[in-house]
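To start, the structure under review is shown below, and the notes come after it.
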Protein chains: 2
Amino acid sequence: MAIEIEKKFLLADERWRAEVTESAPMRQGYLNREQRCSVRVRTSGKQAWLNIKSATIGAQRQEFEYEIPLEDADCMLDTLSHQPLIEKVRHYVPYQGHLWEIDEFAGDNAGLIVAEIELSHPDEHFARPDWLGQEVTMDVRYYNTSLSRHPYRNWEDGKEGLA
Amino acid sequence: MAIEIEKKFLLADERWRAEVTESAPMRQGYLNREQRCSVRVRTSGKQAWLNIKSATIGAQRQEFEYEIPLEDADCMLDTLSHQPLIEKVRHYVPYQGHLWEIDEFAGDNAGLIVAEIELSHPDEHFARPDWLGQEVTMDVRYYNTSLSRHPYRNWEDGKEGLA
């Protein structure tokens, strides 16, 4: 079990693209829609994971993750997960000692791009790249669980972040 | 992924106890309450598993199971699972080439005893021991997911099986 501390931001512009060192397409879905925790299946290339995360709103969350066979994950995504699945490309951008994960969504969430950073404690300092936009860590609409239920395509307003 | 075919029975009497070769206390809980599938955490002794099972009513179900660290499971049971947890002792009884699993429930389901047999295909022949009672495979009340939500203690009638 890990305590996960992550912060989530929108992007100010496209300059981050020049700094990408690696990109991986991902497909993920949820086996539940509970208040208490999320149960997520994710595939990336030939790997797959099952992830259980407490649904505490904010930056600090309990998280459990286990690698599972790709064929199990594909079967769970296609037959047991809530639809639509979340499809995205995850881009990795190192910046001053931290690794940013920038998720560029596709399918029903096309148009949405979000940058995340994982910290090892809540007060850890990190440098803000110039291309970083508004923080949305506390905005539940940007949770992947929310994006599965209320895709970005259907948002009527406030696409720039918190009202 | 395995296709699980199991049949579930009540017990006619106590004669099965003389045939038990092994018994293990178990604690289990559910991370979701969905129509589509169940996500179960189970501990037995020093081992623990995460189990995902399609919620198809009847004898044939998709099932995925992964062993996980005991401390992860205990944390998920105590903080993320729906309460009350299901507590039971599982007794193993071999009979004419099959292994019966007899679950003797405790806690909120005390008084309930159920025998299960797993088959490798729907038409597989198995011998019925004398101590076997009424079949309840198709009675959703005996699903462990149901017992977590509507414990045996609260059943008002029909405790002998289908009306």
Subject >> Chain B, closest residue to the rotation axis toward A, by beta-carbon, whole angstrom >> reply: B:32, 2
Original post:
What gaps in nm, shortest first, separate residue A:89 from its twins in the other copies when you place the label 7 Å past Cα toward the beta carbon?
Top reply: 6.0
Original post:
When the Kirkwood radius is taken over all Cα pairs of the range A:2-154, what Stokes-Einstein diffusion coefficient follows at 20 °C and 1.002 mPa s, in µm²/s?
Top reply: 134
**OP:** Order the peptides B:120-131, A:74-85 from the highest to the lowest mean number of other Cβ atoms within 10 Å of their residues.
**Re:** A:74-85, B:120-131
**OP:** Give me a single rounded figure for B:62-68: the average over its residues of other chain Cβ atoms within 10 Å of their Cβ.
**Re:** 4
Subject >> Cβ-based net charge around residue A:148, under 10 Å, with every Lys or Arg adding one and every Asp or Glu removing one >> reply: +2
Original post:
Too long at a 19 Å Cα-Cα cut-off: which of B:7/B:53; A:46/A:88; A:53/B:88; B:8/B:53?
Top reply: A:53/B:88
**OP:** Please work out the ratio of the alpha-carbon Rg of the range B:11-51 to 2.2 N^0.38 Å and round it to two decimals.
**Re:** 1.63
Original post:
Of all the C-alpha pairs in the protein assembly as shown, what % are more than 34 Å from each other?
Top reply: 34
Original post:
Nearest 20 debye, what's the magnitude of the dipole of the range B:2-154 about its Cα centre given +1 on Lys and Arg Cβ and -1 on Asp and Glu Cβ?
Top reply: 440
Original post:
Relative to the other copies, what are the label-point distances for residue B:111, with labels 7 Å from Cα along the C-beta vector, expressed in nm at one decimal and sorted shortest first?
Top reply: 5.8
Subject >> Angle in degrees between helix B:70-79 and the longest Cα principal axis of chain B, rounded to the nearest 10 >> reply: 80
Subject >> Net charge of neighbours whose Cβ lies under 11 Å from the Cβ of residue A:30, counting Lys and Arg as +1 and Asp and Glu as -1 >> reply: +4
Original post:
Per residue of B:102-115, what is the mean number of Cβ atoms on other protein chains within 10 angstrom of that residue's Cβ?
Top reply: 0
Original post:
What does the helix-only formula give at 222 nm for the protein assembly as shown: each DSSP H stretch with n ≥ 4 adding -39500 (n - 2.57), the total divided by the residues, and the result rounded to the nearest 500 deg cm²/dmol?
Top reply: -2500 deg cm²/dmol
Original post:
Say a label goes 7 Å from Cα toward Cβ at residue B:15 in every copy; what distances in nm does this one have to the rest, shortest first?
Top reply: 8.3
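Computed from the coordinates by the stated procedures, all read-outs in this text should not be read as laboratory data. These numbers were taken from a predicted model, which means no experiment stands behind them. All Cβ positions, glycine included, derive from the backbone under ideal geometry; neighbour counts span all protein chains shown.
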